Amino acid sequence: MNYSHFDAKVGIYLYAGVLDDQTLIVSCVVDAGVRRSFSSSYPKKTNQKQEATLSFPRSGPIQGKKQPFDANEAPSLVKELKESFRTGRTRSYEWRVSQLKGIEKMVEEREKDISEALYKDLSKPEFEAFVSEIAAVKSSCEEALKELKQWMKPEKAKTSMTAYPSSAEIVSEPLGAVLVISTWNYPFLLSIDPVIGAIAAGNAVVLKPSEIAPVTSSLLSELFEEYLDSSAVRVVEGAVPETAALLEQKWDKIFYTGSPRVGRIVMTAAAKHLTPVVLELGGKCPVVVDSDVDLQVTARRIIAGKWQLNNGQACISVDYIIATKDFAPKLIDALRNGIEEFFGADPMESKYISRIVSSNHFSRLERLLDEYKVFNKIVVGGQRNQKKLKIAPTIFLDVPEDSQLMQEEIFGPLLPIITVENVKDSIDLINSKPEPLVAYLFTNNQKLRNDFVQNVSCGGMVINDTVLHVTVSSLPFGGVGESGMGSYHGKFSFDAFSHKKAVLYRSFSGDSPVRYPPYTPENKKLMRAVMNGGIFDIILALMGWSRD
């Protein structure tokens, strides 16, 4: 069931549709010179009272006079891109390089516009915007341009005796038309980075940026039209109806970054067409702190992995800390001092910390703050300003395991500390929860480090620091279980959007009659020897002997 209505008099577009058997999606877009939208999800067919989840993005100007994407045009869009792909243009090395250079030029020439968009959407400090988004995109693009020729080369593969004489290779070929659905917390980086991989692999691409970062979304649409080949690389703006329309189409791959809840919707839609997916989700990322660490360095690195990271609004952000009861007070003091050093005596007035993205997310975090089980557990911070969408860095000590703070991904500036009797108990505590996207450990204990690496299942891991693994392009970035599937970054991005085609080459010589009927006992002995791969067995078989 789908319903849509547009009231031209007041400029309201209302959409209602069913994405799966359980979820009814309602979306409203108000267009009066600025774009404001909200979407709600209601579970279907239930007698229980349910609370609607609302999303109210910050408003931003609509660039130029570009017409909004019509969800009914989704099938024709995919058809156009697939036809463009079938011409073979995107497969060529020259086209891939030209598009990557276009992205490189785009970032160089429009850096100021990008920074301003990120500030308008998230109040992201210019330094943080440059380091975590703009410079990261530049680095990905430079690496792809430098390594593309090597990535595109077929990989030699060994062959077996049964195929002798022969040679083999693995050929990386593009998948076709792919869809990238990005998220709002790093709206530039998490949009462009997978697109770089898709282009490098030779695909046609549609990018659907997040409507919750509307200024960046609009800018991306403008920049793609200006700097990239619009016959093969497109941006579709919009909210739920546009995303739902895109997901109904048959893509050759879908790359989604966001929450596990929406990840399930994406995977359900993809399953209808047997479309492969990469899901970059999240989870509760723990940090274990041993008592033998450099406390000041540890505190600074935890702060960097929490409040300097988009004020905790990141999938790799530190979600909770595990420390021993005796050591926790020292750690809290170090974190309190570090917060004051970085953000001042009143972090609410700091220009070095991002705001909460929307009133919806602010209200969600307030509910976590005010839960009766945890509101009296605050040991640092707790200040908030709804008008400015600001919440101070806030630390809790020993919140109950059944509190919402410990049951869901926080995605904000709240940080609970859980205490244990022995630091080794932290491994069991982490493993009692769904697999996180990343797990952090601070220790000088070699045995603890080895046990942690061997026994904690997670997408990635960092020892004695936070978040820096994402800067190492030789490491795959991705989740496991609840935190996602598939990976990207560097060559892993190229591989994520490529099919690894197996190719075996043979000549017309060496055509042995052994493989063909009639199946004689002698042929069976020789074939057994060949499949066993032993030269001595083959010689025996040719002489009419065997080890049997």
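The values are calculated or read from the model by the stated rules, or taken from the named source; none is laboratory data. From a predicted model like this one, the values you see are computed outputs, not experimental measurements. Counting neighbours? That spans all protein chains shown, and the Cβs are built from the backbone with ideal geometry, glycine included. These accessible areas exclude ligands, DNA and RNA; they are computed on the full protein's heavy atoms, side chains included. Shrake-Rupley method; radii C 1.70, N 1.55, O 1.52, S 1.80 Å.
Figures for the structure shown
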{"read-out": "Qualifying residue in the stretch 163-170 (condition: in a loop (DSSP other than H, G, I, E, B), more than 17 Å from the chain's Cα centre (by Cα) and hydroxyl-bearing (Ser, Thr, Tyr))", "value": "yes"}
{"read-out": "Test: residue in the stretch 437-447 that is touching a Pro at 6+ places or on another chain (Cβ under 8 Å), under 30 Å from residue 130 (Cβ atoms) and open to solvent by less than 20 Å² (accessible area, probe 1.4 Å)", "value": "yes"}
{"read-out": "Options 140, 115; residue that is closer than 30 Å to residue 361 by Cβ, assigned to a helix (DSSP H, G or I) and in contact (Cβ under 8 Å) with a residue 60 or more places away in the chain", "value": "140"}
{"read-out": "Complete set of residues in the stretch 72-117 that are under 26 Å from the mean Cα position of the chain (by Cα), open to solvent by 80 Å² or more (accessible area, probe 1.4 Å) and under 19 Å from residue 207 (Cβ atoms)", "value": "101, 105"}
{"read-out": "Of residues in the stretch 306-331 being open to solvent by 10 Å² or more (accessible area, probe 1.4 Å) and β-branched (Val, Ile, Thr), the one farthest from residue 442 (Cα to Cα)", "value": "316"}
{"read-out": "Single residue of the stretch 198-240 satisfying the filter (of a type in the set (Ser, Thr, Tyr) and open to solvent by 20 Å² or more (accessible area, probe 1.4 Å)) that is farthest from residue 251 (Cα to Cα)", "value": "227"}
{"read-out": "Flag for residue 195 being assigned to a helix (DSSP H, G or I), open to solvent by less than 10 Å² (accessible area, probe 1.4 Å) and more than 27 Å from residue 503 (Cα to Cα)", "value": "yes"}
{"read-out": "Boolean, residue 216 is out of contact with any Lys or Arg (no Cβ under 9 Å at 6 or more places or on another chain) and modelled with pLDDT of 95 or more", "value": "no"}
{"read-out": "Candidates 166, 218, 160, 191 - the one that is out of contact with any Asp or Glu (no Cβ under 9 Å at 6 or more places or on another chain), of a type in the set (Gly, Ala, Ser) and within 30 Å of residue 259 (Cβ to Cβ)", "value": "191"}
{"read-out": "When residues of the stretch 244-269 are limited to those that are of a type in the set (Gly, Ala, Ser) and within 17 Å of residue 488 (Cβ to Cβ), the one most open to solvent (accessible area, probe 1.4 Å)", "value": "258"}
{"read-out": "Restricting the stretch 472-505 to residues that are more than 27 Å from residue 154 (Cα to Cα), part of a helix (DSSP H, G or I) and not acidic (Asp, Glu), the residue that is most open to solvent (accessible area, probe 1.4 Å)", "value": "481"}
{"read-out": "Contacts under 6 angstrom Cβ, first residue in the stretch 147-172 being within 23 Å of residue 473 (Cα to Cα), partner part of a helix (DSSP H, G or I), 6 or more apart", "value": "148/200; 151/491; 151/494"}
{"read-out": "Checking residue 491 against (1) closer than 30 Å to residue 141 by Cα; (2) in contact with a strand residue (DSSP E or B) (Cβ under 9 Å, 6 or more places away or on another chain); (3) of a type outside the set (Phe, Trp, Tyr), the condition it does not meet", "value": "(2)"}
{"read-out": "Boolean, residue 297 is farther than 20 Å from residue 483 by Cα and either touching a Ser or Thr at 6+ places or on another chain (Cβ under 9 Å) or polar (S, T, N, Q) (or both)", "value": "no"}
{"read-out": "Filter pass, residue 300 being open to solvent by 10 Å² or more (accessible area, probe 1.4 Å) and at pLDDT below 95", "value": "no"}
{"read-out": "Residue check for residue 168: of a type outside the set (S, T, N, Q), open to solvent by less than 10 Å² (accessible area, probe 1.4 Å) and in contact with a Lys or Arg (Cβ under 9 Å, 6 or more places away or on another chain)", "value": "no"}
{"read-out": "Residue selected from the stretch 284-297 under the condition touching a helix residue (DSSP H, G or I) at 6+ places or on another chain (Cβ under 7 Å) and open to solvent by 20 Å² or more (accessible area, probe 1.4 Å), by the criterion farthest from residue 400 (Cα to Cα)", "value": "296"}
{"read-out": "Which listed residue is more than 30 Å from residue 91 (Cβ to Cβ), assigned to a strand (DSSP E or B) and of a type outside the set (Phe, Trp, Tyr), from 462, 453", "value": "462"}
